[in-house]
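> Got a structure here, written out as structure tokens. Questions coming.
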Amino acid sequence: MTLPAPQDASPAPAPNPALVAAIRAEIASAGGRIPFARFMELALYHPAWGYYRSPARRPGRPGDFLTAPEAHPFFGITLARQIAECWERLGRPDPFDVREYGSGIGALAWDVIAGLSREAPACRAALRYRLVEQNPHRLAEALAVFAAEGLGDVVVGEDAGEGSLEPIVGVLLANEVADAFGVHRLIWHDGQLREGWVVWQGDGFAEEEGDLSPEAAAARPEAMLRQHGIALREGDRIEISPAAAAWFAAAARGLARGYAIVIDYGYPAPELYRQHRLEGTVRAYRAHTVSDDPFSHVGETDLTAHVDFSALREAGEREGLRFAGQTNQGAFLASLGMGELLVALGQDPETTMPEYLAAQAAILRLIDPGGMGRFGVLVMVRDAPISPPLRGFSVAPPAF
């Protein structure tokens, strides 16, 4: 697959002035402050100037951050093994749908299709791959490439902007999607949770503490803390994302029968809200550097926060999904035999030493428990077998 050449992602000298003006106008119309969740939503998804709506290519080595599909094709090829097992457990449906959220330029889709073509051709013959991507530029690029490669009848685009999508039988897939939904920043102060609101102060955005917003209060965060036995101390900070939970609930409604696989950095609530993460997990990424200042280079910087997998699981269960398992990415990929791919590559006489070393380095990055290997993998299911456990759970992860 030949992907379109990445556009220049050199550091911008200033924030996007039009986006800053739009956010300032909303702050003014809202009485002088907005929740951080709304600020993050505008910074990332403003229809005209949001970071994820830009024509510029964001992920990848020339961009601001590297996701697993950009690290090496082995990620998607390995994931295809789990998808093929899901197809088998569903009784080999035809058509068999894979709906990928946050599909970008289609790199993961391409590698999954390649993996199925090589190892599960009957599954590949039944496959219909649905790309759900908010950036119209990325979606158009992806569909054009797949059409040029003769896969226009297999890969289609979908618009999730109008609510729940057509129910499918197959697999829902979301790799590094949930971390980019807006979060409410909460602070434990005088025995209760307060909210960090965004204001305009002097010549920039700043945080101002206040009562919980209606959206944050409706999520009942203090009840969540009690449910999971979490005790905060004065000044501790956490984030909650009703938007991420709402997204997963809507995605679950689009699964008539099958499996939902969510991969992201985060933890179940009891592990997420532990002392070393109680200064907050919001981070800003630009040109492969990370900052804890979300107000710098607004619209030109990716904003993320760790995912509360307990909240996603509960949202799925409210929509009728069952928990099928959770592990980390390193154990998941090891269970699915990623190492076998590296061995086979090394035994191929056409493989050059630089190719092998690059693949080896990428695999180490993907499974390293101190890096991407610690990402969480949550699988939920509707009307499909979960016993015995899926192949991806055959290697036990470290205790959460």
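> Would you point out the residue of segment 335-350, among those that are in a helix (DSSP H, G or I) and touching a residue at least 24 places away in the same chain (Cβ under 8 Å), that is nearest to A243 (Cα to Cα)?
S335
> Next up: So in segment 283-313, with the set limited to residues that are among the aliphatic types (A, V, I, L, M) and in a helix (DSSP H, G or I), which one is surrounded by the most Cβ atoms within 10 Å (Cβ to Cβ)? Quick ask: steps written out before the conclusion?
Looking only at segment 283-313, we keep the residues that are among the aliphatic types (A, V, I, L, M), and these are 284, 287, 290, 298, 303, 305, 307, 311-312.
Narrowing further to those that are in a helix (DSSP H, G or I): 311-312.
Working: A311: 22, L312: 29.
In this case the residue turns out to be L312.
> Can you tell me which residue within segment 314-329, out of those that are of a type in the set (A, V, I, L, M, F, W, C) and outside any loop (DSSP other than H, G, I, E, B), is farthest from R226 (Cα to Cα)?
Across segment 314-329, the extreme among qualifying residues is A324.
> Here's another thing I want to ask about it. So, in segment 280-316, exactly how many residues are under 24 Å from V377 (Cα atoms) and not hydroxyl-bearing (S, T, Y)?
19
> Continuing with this model, one more query. Show me the helices (runs of 4 or more DSSP H) entirely contained within segment 163-282 in which 2 or more residues are over 18 Å from E41 (Cα atoms) and under 19 Å from the mean Cα position of the chain (by Cα).
So the answer is 242-253, 269-272.
> Determine whether I230 is surrounded by 13 or more Cβ atoms within 10 Å (Cβ to Cβ) and touching a strand residue (DSSP E or B) at 6+ places or on another chain (Cβ under 6 Å).
In short, no.
> Given (1) free of Cβ contacts under 8 Å to residues at least 12 places away in the same chain; (2) among the hydrophobic types (A, V, I, L, M, F, W, C); (3) under 19 Å from D383 (Cβ atoms), identify the lone condition not met by A324.
Going through the list (1) free of Cβ contacts under 8 Å to residues at least 12 places away in the same chain; (2) among the hydrophobic types (A, V, I, L, M, F, W, C); (3) under 19 Å from D383 (Cβ atoms), A324 breaks only (1).
> Related question: Among the listed residues A361, A315, A331, identify the single one that is over 30 Å from L278 (Cβ atoms) and out of contact with any strand residue (DSSP E or B) (no Cβ under 6 Å at 6 or more places or on another chain).
Sole residue among the options that is over 30 Å from L278 (Cβ atoms) and out of contact with any strand residue (DSSP E or B) (no Cβ under 6 Å at 6 or more places or on another chain): A361.
> Look at V156 and say whether it is part of a strand (DSSP E or B), touching a residue at least 60 places away in the same chain (Cβ under 8 Å) and farther than 17 Å from G316 by Cα. Break it down stepwise before answering.
Numbers: part of a strand (DSSP E or B): yes; touching a residue at least 60 places away in the same chain (Cβ under 8 Å): no; farther than 17 Å from G316 by Cα: yes.
Answer is no for this residue.
> Within the set of pairs 6+ apart or on separate chains, which have a first residue in segment 185-203 that is within 12 Å of E239 (Cα to Cα) and without any contact (Cβ under 8 Å) to a residue 40 or more places away in the chain, a second that is in a strand (DSSP E or B) and among the charged types (D, E, K, R), and C-beta atoms under 7 Å apart?
Note: pairs meeting the criteria are R194/E209.
> Another one. Quick check, is A109 assigned to a helix (DSSP H, G or I), surrounded by fewer than 19 Cβ atoms within 10 Å (Cβ to Cβ), touching a residue at least 24 places away in the same chain (Cβ under 8 Å) and not acidic (D, E)?
no
> Taking the criterion of being within 23 Å of A219 (Cβ to Cβ) and in contact with a strand residue (DSSP E or B) (Cβ under 6 Å, 6 or more places away or on another chain), would at least one residue in segment 153-169 satisfy it?
yes
> Considering F393, F375, which residue is among the aromatic types (F, W, Y), surrounded by 15 or more Cβ atoms within 10 Å (Cβ to Cβ), more than 17 Å from G266 (Cβ to Cβ) and in contact with a Gly (Cβ under 9 Å, 6 or more places away or on another chain)?
Numbers: F375 fails: more than 17 Å from G266 (Cβ to Cβ).
Exactly one of F393, F375 is among the aromatic types (F, W, Y), surrounded by 15 or more Cβ atoms within 10 Å (Cβ to Cβ), more than 17 Å from G266 (Cβ to Cβ) and in contact with a Gly (Cβ under 9 Å, 6 or more places away or on another chain), namely F393.
> Do you know which residues across segment 75-106 are buried (at least 19 other Cβ atoms within 10 Å of the Cβ) and part of a helix (DSSP H, G or I)?
Matches in segment 75-106: F75, G76, I77, T78, L79, A80, R81, Q82, I83, A84, C86, W87.
> Next question. Which condition number in (1) in contact with a helix residue (DSSP H, G or I) (Cβ under 7 Å, 6 or more places away or on another chain); (2) at pLDDT 90 or above; (3) assigned to a loop (DSSP other than H, G, I, E, B) is the one that F332 fails?
Of everything listed in (1) in contact with a helix residue (DSSP H, G or I) (Cβ under 7 Å, 6 or more places away or on another chain); (2) at pLDDT 90 or above; (3) assigned to a loop (DSSP other than H, G, I, E, B), F332 misses just condition (3).
> Could I ask something else about it? Report every pair of residues separated by at least 6 positions or lying on different chains whose Cβ atoms are under 7 Å apart, first residue within segment 272-295 and at positive phi, second among the aromatic types (F, W, Y).
Here the result reads H288/F65, each pair linking segment 272-295 to a residue that is among the aromatic types (F, W, Y).
> With touching a residue at least 40 places away in the same chain (Cβ under 8 Å) and out of contact with any helix residue (DSSP H, G or I) (no Cβ under 9 Å at 6 or more places or on another chain) as the only criterion, which of G210, G150 stands out?
Going through G210, G150 in turn, just one is touching a residue at least 40 places away in the same chain (Cβ under 8 Å) and out of contact with any helix residue (DSSP H, G or I) (no Cβ under 9 Å at 6 or more places or on another chain): G210.
> Could you figure out which of (1) surrounded by fewer than 19 Cβ atoms within 10 Å (Cβ to Cβ); (2) among the hydrophobic types (A, V, I, L, M, F, W, C); (3) in contact (Cβ under 8 Å) with a residue 40 or more places away in the chain isn't true of A269?
The number of the failed condition is (1).
The values are calculated or read from the model by the stated rules, or taken from the named source; none is laboratory data. Since we're looking at a predicted model, the values are computed, not measured. Cβ atoms come from the backbone with ideal geometry, glycine included; neighbour counts cover every protein chain shown.
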